[in-house]
Amino acid sequence: MRIVVDLNRCQGYAQCVPLAPEVFELLGEEALSYDPNPDDAQRLRVLRAAAACPVQAILVESYTPGGQGPAP
């Protein structure tokens, strides 16, 4: 799984942080830090966090290491 956060769109509401705290972290009051390639065990939490983003700044994609294309 690969995550891309549009940091220009992100407003720092941090709705994602409590839903996937192992993946998203708020640094200070507005700066979001995140793991762009979290473990697939976090998939459900990440999808819920992306859905909770009020400005839809989180994009979740399938990812296969080594450039093999999207995972099935």
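Structure above, values below:
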| quantity | calculated |
| --- | --- |
| Accessible area (Å², per residue) of the stretch 1-48, counting only protein heavy atoms and a probe of 1.4 Å | 67 |
| V17 accessible area, 1.4 Å probe, all protein chains in place, Å² to nearest 10 | 30 |
| Listed values (1) 13.7, 49; (2) 12.0, 38; (3) 14.8, 47, entry calculated as Rg and Dmax of the Cα atoms in Å | (2) |
| Sequence of R43, R9 when ordered by accessible area, the most exposed leading, probe 1.4 angstrom | R9, R43 |
| Charge context of V60, other residues only, Cβ under 13 angstrom, K/R +1, D/E -1 | 0 |
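The values are calculated or read from the model by the stated rules, or taken from the named source; none is laboratory data. The structure presented is a predicted model; accordingly, all values stated were derived computationally and were not measured. Here the Cβ is made from the backbone with ideal geometry for all residues, glycine too, and neighbour counts use every protein chain on show. Ligands, DNA and RNA are stripped out before the accessible areas are found, and what is left, the full protein with its side chains, is counted by its heavy atoms. Shrake-Rupley method; radii C 1.70, N 1.55, O 1.52, S 1.80 Å.
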